[in-house]
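Q: Have a look at this one before I ask anything.
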Amino acid sequence: MLENKLHLEDSAYLRQHAENPIYWQAYSAEVLAKAKELGRPIFLSIGYSTCHWCHVMAEESFSDPALAELLNEQFISIKVDREEHPHVDHLYQAVAAAANGRGGWPLNVFLTPDLNPIFVGTYFPPQEKQGVPSFKEIVRHLSEAIKVNKTQLEDQGRNLLTEIAKPIHLEKKIQFEGHFPGPAAIVNALKNYADTANGGYGSAPKFPHFAFLEWASEQILEGMIPQDLGQHIVETVEKMVMGGMYDHLKGGVHRYSTDAKWLVPHFEKMLYDQAGLLRVLAKTTPFYPSPLLFDAILQTLDYLNSEMVAEDEYFMSAQDADSEGQEGLYFTFTKEEFADAIQQSEMLPEYNPEWEKWFRLEEKGNFQQGLNVISLDPQFKNEIYAQESWETIRKIRHALLEARRQRIPPSTDKKGVASWNFMVLNALCDVIQYSRVPAITQEALKLVHRVIEGVSKVFITTDAEGRHVLRHTTTKARAPLYLEDYVQFCDSQLRLYEVTSTEVFLTNARETLNFILREFVRDEEPSLTALRHGEFLRAPLNDQSFRSPLSTLVVTMTRLSVLFPEYHPRTVFPNKYDHWVQLALSNPVAHGEALRAFTYPLEIYRRIEVPRPWVNDEEFQRLRSHFLGRFVLQYHDRTDEKWQVCNRTECEKQGEGLEELLTTFSANAPEVQ
C-alpha cells in the first residue's frame, strides 16, 4: 500500500508536504515505472520551498483529507522540487505555456502512466472562485475523463509533447546589415514597449530582466547606446532599486514586482537574482555613480555573506516569502511601527514626518492590512540624494533593520544548487573587476576567498567510474548532469582566472568546455541534460528565471576562443548560429544573455597578455576595470615585463612595463571605454 514518503527526503520543499494526507512520492525513475506497471495516471506537482503560492495551495488543498482520498484512490501523486529536477520543471513549464499561454508555481500536471500530459495548471482555489473551478472539481472531472476518454487524452498529450519538442520556427527573418544590429537600433526598437513612467518594459507583473540590463549597461559603457536611449536603462535600474523589490534594510532583491512601479514584490529571495543584481550594478555604477547603487552593492554583498553562506561554505538557494504564515510580514511596517523604530534610534534626530513621503508610506498601507513595503519614492530623488539626506536615509534603514531583527525571520532553504553558486562567483568577479570603489572590491574579494574552497568541495565530486562530475544539489546525491551547472562552472572558472591569475582556473574552464561539447551536444544542439541519460531536451536560448545556459555557453566559448580559436561557436555550431541570432532578435528583452553573445563582431575581441604579478597592482586593476567582455586577460610567467594585445591572428601592439600599457590604452581610449 502506498503512503506519503516525503519524510525520507532531504529537500525542504518535499519535507513541507510530508504531513499531507496525500500519498506523495518523491520524483524518481522507480516511481514512474511503478505508475506504469499499475496503469495508474500520475498527479505531478512541482514547486519550491520559498514559493508563496505553493504554501497557499498546500494549506488550502493538499491538507484536505477529502481531496487526498480522491487522489490516493485514482492517481500516483508525485512531488517535485524544481531546484532538484530543473529538466522536469522545464518540460512541464513548456507544456503549460503551450496549453495555457503561461506557467508558474506551483505547477500541477496530470499525466497518463506513459507520461503524456492530460491537464496542466498552476494555482487552483479550494472552492470555485471567479469562474475558476476548485481543485477538487478538477480532480473529480479528470478521474472520470480518463476512464471515458483514455485513448483520446493519450493521443492529445502525445501530440502536445511532439509539438513542444520541435525547434522554434520563425516565420519572418529580421533583416540587418553586418554581423548583428547595432545596440542603439535594438534599444530604439523597444521604445514602444518601454514603460517611460516607471522604468522597465511592459506592464505588471514586472520582472528585472537582469541579463538584458547588463547587456545594455555594457553597451552604454562602450558608447554604443546614446544618452537619449540609455537614459531609460538608467532609470529602470534606479527605479527598480528604489522600489520595494529591493530590500532596503538588508540588501538583496526579491523575485519580481507584482505592480508596474516596482513597489510590491513577491517576497522570496532567490540566489540567482542576487547574482543578476550584482552584475548589473557592477556595470551601471561606472557611468552612473549613484549612492543608491553603490550602497545596494555593499548591502547585497553583506546580505550574501551574513545570511546566505551555509556551514559548509557554499551559498544557500533561497529565503521564503512568508513568515508566521503571512507573505511579506517580516519585510513590511505599519506607519506606527516605522515611527516607533526611528524614535528608538539614538542615531537620528527628532522624528520628521517628511521621511514618510520619502519611503512611500501610506496610512492604510501600500501592501495589505495596513502594512507598507519599504521603498524610496523617485519623485523626491533630488531631495533624497542630497548628502545630508542620504546619510539620514542610511540611519533610517539601520533603525528599521534593528527593529526587524526582533521579528521571526522567513526560513532559508539550506539547499545548495551548483549553477546558482557559480553564478554568484561570476557576479563577484564582475564586482571585483568593474567596481571602481576599493571598499566594494575588497568586500567582494573577501567573499570569494571565504566560499571558493567550500563551493568546490561541495559541488565537485566523482562518479561511479571515478571521473570528476558536478553535483547538482546538496540534497540529491544521484541526479542527472545538467548543462546549466557545467556552463556556469566553465564561465566562473574563466572569470576567476581573469581576476586572480590562478592558472588552474583556466585549465578547469577549458576541460569543462571540452566536456560540455562531448557530453551535451547532439547535431549542434545542446541538451539540458547529458546525453548519457538517454533523453534529449533542447536547451532554450531565451532567459527564464535566470540567464539562458545556452546563451552563456556561446558567450564563454567566444571569449575562450580568443585564447583557443577552435572554440568559436561559429565553428562549432555553423548551422545553428544564424538561427540563434534571429531568435535573439525576435524578443531582445527576453534574450539579454544572447544579446551579450552576439553583439560584438568576431574581429573586435582581443587577448591582453600581461605579467602575472600585475594582477595585484592597483594601477593595473584600475585599467582592468575598463576591459569589458570583448577583452580576455591572459597572464605569463616570463621574467620580463612585456605585454601584448592580440586578435585571433596576430599581436597588434607590444610593449614593456605597466606604464607603457597605461599610456597605450589612454591614447586609444575609444578601444577601452
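Q: Q442 passes all but one of (1) outside any helix (DSSP H, G or I); (2) open to solvent by 20 Å² or more (accessible area, probe 1.4 Å); (3) modelled with pLDDT of 95 or more; which number fails?
A: (1) is the only condition that Q442 fails.
Q: Run D491 past the list (1) within 30 Å of Q644 (Cβ to Cβ); (2) surrounded by fewer than 21 Cβ atoms within 10 Å (Cβ to Cβ) and report the number of the one that doesn't hold.
A: Going through the list (1) within 30 Å of Q644 (Cβ to Cβ); (2) surrounded by fewer than 21 Cβ atoms within 10 Å (Cβ to Cβ), D491 breaks only (2).
Q: Among the residues of segment 274-295, write down those that are under 30 Å from E484 (Cβ atoms) and either open to solvent by 10 Å² or more (accessible area, probe 1.4 Å) or basic (K, R) (or both).
A: Result: R279, K283, P286.
Q: Another question, then. For segment 527-573, which residues satisfy the criterion of being among the polar types (S, T, N, Q) and open to solvent by less than 30 Å² (accessible area, probe 1.4 Å)?
A: Within segment 527-573, S527, T529, S548, S551, T552, T556, T558, S561 meet the criteria.
Q: For the structure I just gave you, tell me whether S527 is on the phi < 0 side of the Ramachandran plot, out of contact with any Lys or Arg (no Cβ under 8 Å at 6 or more places or on another chain), in contact (Cβ under 8 Å) with a residue 24 or more places away in the chain and of a type in the set (G, A, S).
A: So S527 does not fit the description; no.
Q: Just to be sure, is E593 surrounded by 20 or more Cβ atoms within 10 Å (Cβ to Cβ), under 31 Å from the mean Cα position of the chain (by Cα) and among the acidic types (D, E)?
A: When the stated conditions are applied, E593 passes them.
Q: Could you tell me which of the residues Q219, Q175 is farther than 19 Å from Q379 by Cα and in a loop (DSSP other than H, G, I, E, B)?
A: That would be Q175, the only listed residue that is farther than 19 Å from Q379 by Cα and in a loop (DSSP other than H, G, I, E, B).
Q: Another one. Taking segment 56-74, which residues are under 25 Å from T258 (Cβ atoms) and either touching a residue at least 60 places away in the same chain (Cβ under 8 Å) or assigned to a strand (DSSP E or B) (or both)?
A: Residues satisfying the conditions are V56, M57, E60, S61.
Q: Moving on. What do you reckon, is W643 free of Cβ contacts under 8 Å to residues at least 40 places away in the same chain and buried (at least 17 other Cβ atoms within 10 Å of the Cβ)?
A: Spelling it out, W643 is indeed free of Cβ contacts under 8 Å to residues at least 40 places away in the same chain and buried (at least 17 other Cβ atoms within 10 Å of the Cβ).
Q: Anything in segment 314-328 that is closer than 17 Å to T475 by Cβ and either among the hydrophobic types (A, V, I, L, M, F, W, C) or in contact with an Asp or Glu (Cβ under 7 Å, 6 or more places away or on another chain) (or both)? List them, or say none.
A: Answer for segment 314-328, where residues must be closer than 17 Å to T475 by Cβ and either among the hydrophobic types (A, V, I, L, M, F, W, C) or in contact with an Asp or Glu (Cβ under 7 Å, 6 or more places away or on another chain) (or both): F315, M316, S317, A318, Q319, D320.
Q: So which residues in segment 1-39 are surrounded by 16 or more Cβ atoms within 10 Å (Cβ to Cβ), part of a loop (DSSP other than H, G, I, E, B) and among the hydrophobic types (A, V, I, L, M, F, W, C), if there are any at all?
A: Residues satisfying the conditions are I22, W24.
Q: Checking V504 against (1) of a type outside the set (S, T, Y); (2) in contact with a strand residue (DSSP E or B) (Cβ under 9 Å, 6 or more places away or on another chain); (3) surrounded by fewer than 22 Cβ atoms within 10 Å (Cβ to Cβ), which test does it fail?
A: Against the list (1) of a type outside the set (S, T, Y); (2) in contact with a strand residue (DSSP E or B) (Cβ under 9 Å, 6 or more places away or on another chain); (3) surrounded by fewer than 22 Cβ atoms within 10 Å (Cβ to Cβ), V504 comes up short only on (2).
Q: Still on this structure, please answer the following. Tell me yes or no: at least one residue of segment 459-470 is closer than 22 Å to H87 by Cα, surrounded by fewer than 22 Cβ atoms within 10 Å (Cβ to Cβ) and in contact (Cβ under 8 Å) with a residue 24 or more places away in the chain.
A: yes
Residues checked against (1) of a type in the set (S, T, Y); (2) touching a helix residue (DSSP H, G or I) at 6+ places or on another chain (Cβ under 8 Å); (3) under 26 Å from F515 (Cβ atoms); (4) at pLDDT below 95:
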residue	(1), (2), (3), (4)
N575	no, no, yes, no
H579	no, no, yes, no
V615	no, yes, no, no
D637	no, yes, no, no
Q644	no, no, no, no
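Q: Out of all the residues in segment 385-409, which are more than 17 Å from Q326 (Cβ to Cβ) and without any contact (Cβ under 8 Å) to a residue 40 or more places away in the chain?
A: Within segment 385-409, A386, Q387, E388, S389, E391, I393, R405 meet the criteria.
Q: W580 passes all but one of (1) of a type in the set (F, W, Y); (2) surrounded by fewer than 18 Cβ atoms within 10 Å (Cβ to Cβ); (3) assigned to a helix (DSSP H, G or I); which number fails?
A: Every condition holds for W580 apart from (2).
Q: Does S77 satisfy the criteria of being buried (at least 20 other Cβ atoms within 10 Å of the Cβ), assigned to a strand (DSSP E or B) and not aromatic (F, W, Y)? Walk me through how you get there before you give the answer.
A: Numbers: buried (at least 20 other Cβ atoms within 10 Å of the Cβ): yes; assigned to a strand (DSSP E or B): yes; not aromatic (F, W, Y): yes.
Spelling it out, S77 is indeed buried (at least 20 other Cβ atoms within 10 Å of the Cβ), assigned to a strand (DSSP E or B) and not aromatic (F, W, Y).
Q: Looking only at segment 406-423, decide whether some residue is crowded, with 17+ Cβ neighbours inside 10 Å, among the polar types (S, T, N, Q) and farther than 27 Å from D259 by Cβ. If you could, list the steps in order and put the result at the bottom.
A: Narrowing segment 406-423 to residues crowded, with 17+ Cβ neighbours inside 10 Å: 410, 412-423.
Subset that is among the polar types (S, T, N, Q): 412, 419, 421.
If we keep only those that are farther than 27 Å from D259 by Cβ too, we end up with 419, 421.
Looking through segment 406-423, at least one residue is crowded, with 17+ Cβ neighbours inside 10 Å, among the polar types (S, T, N, Q) and farther than 27 Å from D259 by Cβ.
Q: Kindly provide the set of residues from segment 169-192 that are surrounded by 13 or more Cβ atoms within 10 Å (Cβ to Cβ) and either touching a Ser or Thr at 6+ places or on another chain (Cβ under 7 Å) or farther than 29 Å from M240 by Cα (or both), ordered by number.
A: F176, H179, F180, P183 - these are the residues of segment 169-192 that are surrounded by 13 or more Cβ atoms within 10 Å (Cβ to Cβ) and either touching a Ser or Thr at 6+ places or on another chain (Cβ under 7 Å) or farther than 29 Å from M240 by Cα (or both).
Q: Inside segment 128-147, can you point out the residues that are over 12 Å from I118 (Cα atoms) and open to solvent by less than 30 Å² (accessible area, probe 1.4 Å)? Spell out how you get there, then give the answer.
A: Going through segment 128-147, the residues over 12 Å from I118 (Cα atoms) turn out to be 128-137, 140, 144, 147.
Those that are over 12 Å from I118 (Cα atoms) and open to solvent by less than 30 Å² (accessible area, probe 1.4 Å): S134, F135.
Q: Inspect all residues belonging to segment 193-211 and state whether any of them is polar (S, T, N, Q), open to solvent by 20 Å² or more (accessible area, probe 1.4 Å), out of contact with any Phe, Trp or Tyr (no Cβ under 8 Å at 6 or more places or on another chain) and at pLDDT below 95.
A: Filtering segment 193-211 down to residues polar (S, T, N, Q) leaves 196, 198, 203.
If we keep only those that are open to solvent by 20 Å² or more (accessible area, probe 1.4 Å) as well, we get 196, 198, 203.
Still in the running and out of contact with any Phe, Trp or Tyr (no Cβ under 8 Å at 6 or more places or on another chain): 196, 203.
Filter once more, keeping what is at pLDDT below 95: 203.
So far as segment 193-211 goes, yes, one or more of its residues are polar (S, T, N, Q), open to solvent by 20 Å² or more (accessible area, probe 1.4 Å), out of contact with any Phe, Trp or Tyr (no Cβ under 8 Å at 6 or more places or on another chain) and at pLDDT below 95.
Q: In the list L229, L249, which residue meets the criterion of being modelled with pLDDT of 95 or more, surrounded by fewer than 24 Cβ atoms within 10 Å (Cβ to Cβ) and under 19 Å from G182 (Cα atoms)?
A: Only one candidate passes the filter, namely L229.
Q: Within segment 316-331, identify whether any single residue is buried (at least 19 other Cβ atoms within 10 Å of the Cβ), part of a loop (DSSP other than H, G, I, E, B), on the phi > 0 side of the Ramachandran plot and not charged (D, E, K, R), and answer yes or no.
A: yes
Q: What tally of residues in segment 352-372 results from selecting those that are part of a loop (DSSP other than H, G, I, E, B), farther than 14 Å from F331 by Cβ and open to solvent by 70 Å² or more (accessible area, probe 1.4 Å)?
A: Of the residues in segment 352-372, 4 are part of a loop (DSSP other than H, G, I, E, B), farther than 14 Å from F331 by Cβ and open to solvent by 70 Å² or more (accessible area, probe 1.4 Å).
Q: Given the condition within 32 Å of the chain's Cα centre (by Cα), basic (K, R) and within 22 Å of E59 (Cα to Cα), answer yes or no: does some residue in segment 122-131 qualify?
A: There is no residue in segment 122-131 that is within 32 Å of the chain's Cα centre (by Cα), basic (K, R) and within 22 Å of E59 (Cα to Cα).
Q: For segment 545-559, name all the residues that are at pLDDT 95 or above and either among the polar types (S, T, N, Q) or in contact with a Lys or Arg (Cβ under 7 Å, 6 or more places away or on another chain) (or both).
A: Hits for segment 545-559 are S548, S551, T552, V555, T556, T558.
Q: When residues of segment 620-633 are filtered for being among the polar types (S, T, N, Q) and open to solvent by 40 Å² or more (accessible area, probe 1.4 Å), how many remain?
A: Counting residues in segment 620-633 that are among the polar types (S, T, N, Q) and open to solvent by 40 Å² or more (accessible area, probe 1.4 Å) gives 1.
The values are calculated or read from the model by the stated rules, or taken from the named source; none is laboratory data. It should be emphasised that the depicted structure is a prediction, and the values quoted were computed from it without experimental measurement. Cβ atoms come from the backbone with ideal geometry, glycine included; neighbour counts cover every protein chain shown. Note: accessible area is taken over every heavy atom of the protein model, side chains too, but ligands, DNA and RNA are not part of it. Shrake-Rupley method; radii C 1.70, N 1.55, O 1.52, S 1.80 Å.
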